[in-house]
Amino acid sequence: MFTAFERMVAARYLRARKGERFVSIIAIFSLIGIALGVATLIVVSSVMSGFQTELVNRALGVSGHISIEAYAGEKIDGFAPLAARMRAIPGITSVLPVVDGQVAISVERAGARGGLVRGVLREDLRTLPAIGEHIIAGSLDAFEGDDAIVVGAGLAASYRLSPGSRITLLSSQGAATAFGVIPRVRAFKVVAIFDAGLSDYNNSVVFLPLAMAQTFFQKEDAVTGFQLRAADPTRAEALMPAVRNVLGTRAVRLLDWRHANDQIIGILQIQKDTMFIVLGMIILVAAFNVISSLIMLVKDKTADIAVLRTIGASSGAILRIFLMCGAFVGVSGTLIGTVLGVTVCRNIVAIQHFIENLTGGQVFDSRAFMLTTLPDQVDWADVLRVVALGITLSLLATVYPSWKAARTDPVEALRHG
């Protein structure tokens, strides 16, 4: 496509000689602009994709692929036979009966906060990946009886809890008396502390043995829901009709993991798309710099173009020479930006800690972003999109200056030169 002669001339034009430094400096800044724009867009897109993926994965680590929830104040009786029938559905790997309830969590002389209590069986708690595999203190072996509780790392840090500490739960679902409803209050001993990787769970979710939770919330021999896990999470929605048939006419809410997290996923997707458009403008601005540098190069090389035309170079050859000059700046900037962006993504946690140590501030607040750490994965689909955008804009930026150079009239150029 490009002859050796055209490549030689293009390479010569890209090497600035004395008196031509200004054009070369503009080209260098154009390359840097494209590289920074591509790198920024890759980092932001990958981080946003990582947030979306990590939030879903970690949420699934503490819940199920299909959730069955009784409506507020209701309960599901006869849960054991129901659980056995749902376990028999092909594609369902586990069924966790749960008792959920809202409480106030308090520690002596340390204030109180709202939280969620989830009652589960000890063996079921071990099977939850984000809990059973992430116990950072204590042991689930002691998670039994009517005195045990498992708390998150955020709650433990706030109240300086450790295995053996005692915390108090207060539930508004108390006993009715002549003077009104008396809240239920009970103290429990911390037997284990988990780190689920989600700040909301670490700060406000605690686990009780199922039997104790049934007693505490007055749900004797009943549960408030089930958490079902599927062999293939992508088929969760397809399994829901079979689950509904088992439940019969019971008034419950049935959700698969996609619909349970669709609000978070939707918000993150909108943010990601918006950031892609906004940061894509950086690459567009850098592409205009490529146009400026090429137009100046064409002006500077008008006499050279006239000489090339008089010795037999076609207008097509002139067009390709300047296309190569502009493409070199755009493609080089895109490749450099890609390497820089992927490198930052791979080391973003280390960079975060370095900046925090250097400034003494906090770059990433887990309370605001739900996750406890920045995701450091690279979304290669987004990388390809950014590379395609960078190269496309860069190549389009070379078209007009190259076309202008190809239309240069050698006679007029030599006369005015």
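The values are calculated or read from the model by the stated rules, or taken from the named source; none is laboratory data. Remember, predicted model here, so these are calculated numbers, not experimental data. Glycine also receives a Cβ, built like all others from the backbone with ideal geometry; neighbour counts cover every protein chain displayed.
Total residues in segment 228-260 satisfying the condition of being in a helix (DSSP H, G or I) and of a type in the set (A, V, I, L, M, F, W, C): the figure is 10. Residues that are within 31 Å of the chain's Cα centre (by Cα) and touching a residue at least 12 places away in the same chain (Cβ under 8 Å) do not occur anywhere in segment 164-184. Filtering GLY64, GLY115, GLY111, GLY132 for residues that are in the same structural domain as ARG229 (by TED's automatic domain parsing), in contact (Cβ under 8 Å) with a residue 60 or more places away in the chain and either under 21 Å from ASP195 (Cβ atoms) or surrounded by fewer than 18 Cβ atoms within 10 Å (Cβ to Cβ) (or both) leaves a single hit, GLY115. Look at (1) at pLDDT 80 or above; (2) surrounded by fewer than 18 Cβ atoms within 10 Å (Cβ to Cβ); (3) not acidic (Asp, Glu) and you find that HIS259 fails only one, number (1). The set of residues from segment 192-201 being assigned to a strand (DSSP E or B) and either of a type in the set (S, T, N, Q) or at pLDDT below 80 (or both) comprises just one member, LEU198. GLY312 falls short on exactly one of the conditions (1) without any contact (Cβ under 8 Å) to a residue 60 or more places away in the chain; (2) surrounded by 17 or more Cβ atoms within 10 Å (Cβ to Cβ), and that condition is (2).
Looking across segment 67-81 at every residue that is surrounded by fewer than 18 Cβ atoms within 10 Å (Cβ to Cβ) and assigned to a loop (DSSP other than H, G, I, E, B), the one that is modelled with the lowest pLDDT is identified as GLY73.
Among the residues making up segment 90-106, those that are crowded, with 17+ Cβ neighbours inside 10 Å, closer than 15 Å to LEU239 by Cα and at pLDDT 90 or above are ILE92, VAL95.
Checked against (1) touching a strand residue (DSSP E or B) at 6+ places or on another chain (Cβ under 8 Å); (2) closer than 15 Å to PRO90 by Cβ, VAL246 passes all but a single condition, namely (1). Hey, can you tell me all the residues within segment 308-335 that are in contact with a Leu (Cβ under 9 Å, 6 or more places away or on another chain), farther than 21 Å from VAL38 by Cα and either among the polar types (S, T, N, Q) or at pLDDT below 80 (or both)? Across segment 308-335, the qualifying residue is only THR310.
For segment 281-295, state whether one or more residues are closer than 30 Å to LEU55 by Cα and either without any contact (Cβ under 8 Å) to a residue 24 or more places away in the chain or in contact with a strand residue (DSSP E or B) (Cβ under 7 Å, 6 or more places away or on another chain) (or both). The answer is yes, given that some residue of segment 281-295 is closer than 30 Å to LEU55 by Cα and either without any contact (Cβ under 8 Å) to a residue 24 or more places away in the chain or in contact with a strand residue (DSSP E or B) (Cβ under 7 Å, 6 or more places away or on another chain) (or both).
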